[in-house]
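Structure first, commentary second.
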Amino acid sequence: MSEIVDAINEVHREVGTRQVKAGDAATVLLRRTYDAEVADVWDAVTSPERISRWFLPVSGELKLGGTYQLEGNAGGEILECVPPERLRVSWLFGPDPGFSEVEVRLTPEADGRTVFDLEHVAVVPEEFAGQFGPGAVGVGWDLALLGLGRYLTGGEISREEMLAWSESAEAREGMRLSGELWGSAYAASGAAPDVVAATTAATIAFYTGA
């Protein structure tokens, strides 16, 4: 359990807003340093075969201007690709996905490690944002970064093992901690205390089934 807690605590989180053509967008930013060379991290997040080993199977024309589809999850267009520094994609899910983009930025450090930034920018319907807040996507990305971290250190697990783990007490505790930390980031962005409390509770309940 301590390994999961330590990994979740290693992530820096920010919540904000941004103006896009589609309107007022909400932003979540996650930053974590991985003990891996930047070329290895870049390959892990752009190679279809490697993505499936820590996240989800992916298909499509995986090049600038092409499209991708994650199995049972989001799909979209590859909007920007600057190896090994930056990848930006549209992140669309459901019949009316609206505006949603994800950008990954990698920065090498002198000691051979890599700073990994992931920013998700989306125009979120008020009824959804008001109920769950930024933790709705934040917790999901925390879990993805956990998987990437384990994979980069040689701890690959099968899809079946991953699904089984997601139902475990260890996973629920990790999701609870993640939800609380996203609540703290939401509060730091200036959200009202009652809104933070309500959305944090709703997010934790959604992920843990409590």
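For the chain, what is the Kirkwood hydrodynamic radius in Å, using each pair of distinct C-alpha atoms? Kindly include the intermediate steps, with their values, before the conclusion.
On the way: mean 1/r = 0.0566 Å⁻¹.
Computed over Cα pairs of the chain, the Kirkwood hydrodynamic radius comes out at 17.7 Å.
Label-to-label distance for VAL115 and SER184 is 2.0 nm, based on points extended 7 Å past Cα in the beta-carbon direction. Simple rule: put +1 on each Lys or Arg Cβ and -1 on each Asp or Glu Cβ in the chain, find the dipole, and look at GLY75, THR46, THR107; the Cα lying farthest toward the positive end is GLY75.
Quickly estimate the mean residue ellipticity at 222 nm for the chain, helices only: each DSSP H run with n ≥ 4 gives -39500 (n - 2.57), and the total goes over all residues, rounded to 500.
Values: 8 runs with 93 residues, N = 210.
Result for the chain: -13500 deg cm²/dmol, rounded to the nearest 500.
Annotation for GLU61 and ASP43: the two label points, set 7 Å from Cα along the Cα-Cβ direction, are 2.7 nm apart. Only Cα pairs within less than 10 Å get springs; with that Gaussian network setup on the chain, which residue of PRO57, PRO125, PRO134 has the largest fluctuation? Fluctuation is largest for PRO125.
Taking a Cβ cut-off of under 15 Å around GLY138, the surrounding Lys, Arg, Asp and Glu residues balance to a net charge of -2, with basic ones at +1 and acidic ones at -1.
Laboratory data are not the source of any read-out in this text; all were calculated from the coordinates shown. Not measured: the values here are computed from a predicted model. Counting neighbours? That spans all protein chains shown, and the Cβs are built from the backbone with ideal geometry, glycine included.
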